[in-house]
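Here's the structure we're looking at; comments come further down.
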Amino acid sequence: MTLAVCTMVLGTTSGAGKSWLTTALCRHYARQGLKVAPFKAQNMSNNARVVAGGEIGSAQYFQALAARAVPEVRMNPLLLKPERDTHSQVVLLGEVSAELTGMDWRSRSAKVWPVIAESLDALRAENDVLVIEGAGSPAEINLSSSDIVNMRVARHADARCLLVTDIDRGGAFAHLYGTWALLPEADRALLRGFVLNKFRGNAALLSPGPEQLQALTGVPTVATLPMWWRHGLPEEDGVFDDRSQATGVVTRTVAIVAYPRISNLDEFQHLKNMPGVRLVWARSPAALAGVDTIILPGSKHTSGDLAWLRQQGLDAAICQHAAQGGAVLGICGGLQMLGEALIDTHGIDGNAPGLGLLPLVTQFELTKTVQHKQAVFAAGMAGPWAALAGVAVAGYEIHHGQTQQHAAMARAGDVARAVLPDGLGWQNAAGNVLGLYLHGLLEDPAVLHALFGATVPTLDTVFDGLADFAEAHFSPGFLASLVQRS
């Protein structure tokens, strides 16, 4: 049986550019007529997407689409979703594992490696090329004994590895050399090329750095990638860059509340470059002054992020904005915050009073809802969300909470209007506060057109742009040689 050739994108640090480069290579090799799949053994991210069998990291979801493959749980067998600084929910092959969640990470690594290896081997047997993404740095020597995502994967797959660094941070040559120097000799032999990412200026000024680095390590620098802000691929980690890059005259300001355990923020990528829209990441009441719309995004720890809101004084600012008729949108955890109370009898998230902007109560259940969903917004929607009336939308749900009308408030006549079926969405009587369990609203072309009158690039256009960019800046013939069979 012929196994897939494996190439692997490693980074000197988190944020070096591994995810987007992996995505670009997936599309590049798919355009060569090869059967391609992505793989990342372990991802730590609160950005996840629904696939058959459960959920995987968003980066691997998009990489699969770039590879023209169907996203599946084997492409990201282990997903860690941080809930606190020292605790993460563990998702194995798409499903939450209470056993693994309760383990220390070293014990967990030994337990999950056979599953990771089996997933990797199965994908290798079914494809021509596997494009593997590492995590963090492969030279974290304090973690090497329990490594399940970097060089252990590379060795298992006999991967041809690239090492990418963010030159915009400074110290790029030191990062590359230091990473190489800390790797065992056998692992160094797997490195096929260094990649300088996010370079500004004249690449000729880099000389003789790449030449000296190759003399020291034997590894050539195979690409210098210019700084590129607008590639269009949703970000995997963190809050974008805090700067809106909208084109044209700003006619609307949208603030996304950036609490510590924000999740699924990648669904707001289109707002970053939406014509006429200024995007603000709000961490203080001052950031909400004068905005048109406030979005409370998903949260991996709703009660904890609610407590943070109150500590910052953001709760009062949000409620004042709503009282003045300002538009408010809560998605998933954000919806839960908009209600009257969070009730947790299973120790999943925590109990907390809500913001009281919708007469709803959320109870956290042991079973996690993970599914795709299609729905149509109700006719006659009011207020700033009226343009959504009758609009069909497709998205996904990922949540432990189950939300319903507050019984006592309903008896008193304070009722939230259901605007999507099956408990997916509610609107207040005034129409300016909207809460949804449906992720993906602001990725849906019909919704974006209804709310902003705008069209957005298709994902295929984004993926092709990434591949074009990579092809233009790698050494001629290198990408073909990287997957050439011996």
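The values are calculated or read from the model by the stated rules, or taken from the named source; none is laboratory data. These numbers were taken from a predicted model, which means no experiment stands behind them. Here Cβ is always computed from backbone atoms with ideal geometry, including for glycine, and neighbour counts include all displayed protein chains. SASA here: full protein model, heavy atoms, side chains in, ligands and nucleic acids out. Shrake-Rupley method; radii C 1.70, N 1.55, O 1.52, S 1.80 Å.
Student exercise: in the range 1-150, how many lysine pairs 8 or more apart or on different chains have Cα atoms under 20 Å apart?
Pairs that pass both the separation and distance tests number 5.
Search the structure for amide H atoms under 5 Å from the amide H of N43, placed 1.01 Å from N in the peptide plane, and list their residues when 5 or more places away or on another chain.
L78, L79, L80
Which aspartates and glutamates have a Cα lying under 16 Å from the Cα of K300, excluding residues fewer than 8 positions away in the same chain?
Partners within reach: E55, E83, D85, E95, E236, D237, D266, E267, D344, D349, E365, E397.
With unit charges on the beta carbons (Lys and Arg positive, Asp and Glu negative) and the dipole taken about the Cα centre of the range 350-456, which residue among A389, L420, Q405 sits farthest to the positive side?
Checked the options; the winner is Q405.
Indicate the gyration tensor shape class of the range 291-444 (rounded, prolate or oblate), computed on the Cα atoms with a ≥ b ≥ c the square roots of the eigenvalues: a/c under 1.5 is rounded; otherwise a/b larger than b/c is prolate and the rest oblate.
Numbers: a/c = 1.39, a/b = 1.12, b/c = 1.24.
Rounded, because the longest to shortest axis ratio a/c is under 1.5.
Assigning unit charges at the beta carbon (Lys, Arg +1; Asp, Glu -1) and nothing else, what dipole magnitude in debye, to the nearest 20, does the range 365-486 show about its Cα centre? Working shown, then result.
On the way: 5 positive and 10 negative charges, 79 e Å.
Charge dipole of the range 365-486: 380 debye, to the nearest 20.
Given +1 on the Cβ of Lys and Arg, -1 on the Cβ of Asp and Glu, and no further charges, what dipole in debye does the range 59-197 carry about its Cα centre, rounded to the nearest 20? Each step should come with its number before you reach the end.
Working: 14 positive and 18 negative charges, 30 e Å.
Using Cβ point charges on Lys, Arg, Asp and Glu, the range 59-197 gives about 140 debye.
Write down Rg/Rh for the range 49-89, rounded to two decimals, with Rg from the C-alpha atoms and Rh from the Kirkwood relation over Cα pairs. Display every interim value, and only then the final one.
Numbers: Rg = 11.4 Å, Rh = 10.8 Å.
In the range 49-89, Rg relative to Rh is 1.05.
Before anything else, pin down the relative contact order of the chain: Cα pairs under 8 Å, at least 6 apart, normalised by residue count, whole percent.
14 percent
Give the ranking of D266, D468, D422, D147 by solvent-accessible surface, highest area first, calculated with a 1.4 Å probe.
D422, D468, D147, D266
Once R0 is set to 22 Å, what does the formula 1/(1 + (r/R0)^6) return for the Cβ-Cβ distance between V415 and V376, expressed as a FRET efficiency to the nearest 0.05?
Step by step, r from the Cβ atoms, then E = 0.60.
If contacts are Cα pairs under 8 angstrom and at least 6 residues apart, what is the relative contact order of the range 368-486 in percent?
Value for the range 368-486: 22 percent.
A387 to A181: extension gain in nm, 0.36 nm per residue of separation minus the Cα-Cα distance?
Separation in residues times 0.36 nm, less the Cα-Cα distance, equals 68.4 nm.
Ranking request for peptides 401-408, 34-41, 66-73: highest mean number of other beta-carbon atoms within 10 Å first, then the rest in descending order.
34-41, 66-73, 401-408
At 0.36 nm per residue, minus the direct Cα-Cα distance, what do D460 and S14 gain on full extension? Give it in nm, one decimal, please.
158.0 nm
At 1.4 Å probe size, with every protein chain present, just tell me what the per residue accessible area of the chain comes to in Å².
Solvent-accessible surface per residue comes out at 39 Å².
So what are the three principal axis dimensions of the range 68-167 from its Cα atoms, in whole Å, longest to shortest?
Each principal axis gives a Cα extent; for the range 68-167 these are 37, 33, 25 Å.
What Kirkwood radius, in Å to one decimal, follows from the Cα pairs of the range 309-354? Can you show the working numbers first?
Numbers: mean 1/r = 0.0857 Å⁻¹.
After inverting the pairwise mean of 1/r, the radius is 11.7 Å.
Among the DSSP beta bridges whose two residues both lie in the chain, what percent are antiparallel, rounded to the nearest 5?
If we restrict to bridges inside the chain, about 45 percent are antiparallel.
Tally up the carbon and sulfur contribution to the accessible surface of the range 280-327 as a whole percent, 1.4 Å probe, everything protein left in place.
48 percent
Would you kindly give the portion of the calculated P(r) for the range 1-152 that falls above 26 Å, as a percent of all Cα pairs?
Above the 26 Å cut-off, the range 1-152 has 19 percent of its Cα pairs.
Taking only Cα atoms of the chain, what ratio of Rg to Rh do you get with Rh as the Kirkwood inverse-distance radius?
0.99
Quote to one decimal, in nm, the extra length available between Q402 and N202 on full extension: 0.36 nm per residue of separation minus the C-alpha distance between them. Mind showing how you got there, number by number?
Working: separation 200, 0.36 × 200 = 72.00 nm, distance 5.49 nm.
This chain segment gains 66.5 nm when fully extended.
Show that you can apply the helix-only estimate: for the chain, add -39,500 (n - 2.57) for every DSSP H stretch of four or more residues, divide by all residues, and state [θ] at 222 nm to the nearest 500.
Estimated from H runs of four or more residues: -8500 deg cm²/dmol.
Assign unit charges at the C-beta atoms only (+1 for Lys and Arg, -1 for Asp and Glu), then state the dipole size of the chain relative to its Cα centre in Debye, rounded to the nearest 20.
500 debye
Beta carbons within 10 angstrom, averaged per residue: use that to sort the peptides 476-485, 136-145, highest first.
136-145, 476-485
Once phi is turned into θ = phi - 60°, what whole-Hz ³J(HN,Hα) does the Karplus curve with 6.51, -1.76 and 1.60 give for every residue of the range 132-149, x standing for Gly and Pro?
9, 10, x, 9, x, 10, x, 9, 7, 5, 6, 10, 4, 5, 10, 5, 10, 10
Give me the one-decimal nm value for the distance between modelled label points at E118 and H87, 7 Å along each residue's Cα-to-Cβ direction.
Between E118 and H87, the label points sit 2.9 nm apart.
Ordered by residue, what ³J(HN,Hα) values in Hz, to whole numbers, does the range 397-406 give under the Karplus form 6.51 cos²θ - 1.76 cosθ + 1.60, where θ = phi - 60° and Gly and Pro are x?
In residue order, the calculated couplings are 10, 9, 6, 8, x, 10, 10, 8, 4, 6 Hz.
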